[in-house]
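Report on one structure; see the data block that follows.
The values are calculated or read from the model by the stated rules, or taken from the named source; none is laboratory data. Just so you know, these numbers come straight off a predicted model, no measurement behind them. Positions of Cβ are generated from backbone atoms using ideal geometry, with glycine treated the same way; all protein chains shown enter the neighbour counts.
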């Protein structure tokens, strides 16, 4: 059962981490439906690291260029983009350290998650009406990075979606949808790396129980494989399908959450 559960969680995390539908909302629903206890920190870290591996594999060329040319200063475009990404990491990193436990504890009730899921669904649909701008990825400024980073901090609230809120922020700043998606995914790499390292820091104090190592490996590999294909799907089709299908899905998913919440209250 632990192995099957790790596969299920890896599939859900790998898909919903990169599709703008909120991974946290889906994982909360999955835990409620399966009557699972809260997942161990070990598996949570493994899922984050699996998604990080997917990102590094999908954007290996971009990160090689950014680190090689951006750090040495040989390419002004690479240096500017790298600086914007680093600046965008700051708000979410600070908020994650200071407010994560409060945000995830206070806003973890199904009605609240449903409300945020529906709200963000409406935002995605509305964002489609401002599409048509043609700013490219290499036109990102430090101000853009700061605004997108501030938006990313909202993803601490279950139901918001990190990819959804950062893609929407990019579109509202005038970037083309493919450019907004690419920046969102590039930005996810240091955030997931930080989350993974933060979790490993806690695990190092007590080590990883032998019985959980296989479960972690299964979850990591599953999240990495599924996440890679989710990234490829988004990069390939987002310019054709836009954001409305994801917004409509979120509205339907919010109805499911509200239905489940009302059923639990009636019981």
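Results for (1) in contact with a strand residue (DSSP E or B) (Cβ under 9 Å, 6 or more places away or on another chain); (2) at pLDDT below 95; (3) assigned to a helix (DSSP H, G or I); (4) surrounded by fewer than 22 Cβ atoms within 10 Å (Cβ to Cβ), shown as yes or no for each residue.
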{"site": "187", "(1), (2), (3), (4)": "no, no, yes, no"}
{"site": "196", "(1), (2), (3), (4)": "no, yes, yes, yes"}
{"site": "216", "(1), (2), (3), (4)": "no, yes, yes, no"}
{"site": "223", "(1), (2), (3), (4)": "no, no, yes, no"}
Worksheet item: Scanning for something in a helix (DSSP H, G or I), crowded, with 21+ Cβ neighbours inside 10 Å, in contact with a helix residue (DSSP H, G or I) (Cβ under 7 Å, 6 or more places away or on another chain) and at pLDDT 95 or above, does region 60-79 turn up at least one residue?
Response: no
Worksheet entry | Long-range neighbours under 7 Å by Cβ, at least six apart or interchain, first residue on the phi < 0 side of the Ramachandran plot and modelled with pLDDT of 75 or more within region 26-44, second assigned to a loop (DSSP other than H, G, I, E, B) and surrounded by 11 or more Cβ atoms within 10 Å (Cβ to Cβ) | 28/108; 28/158; 42/208
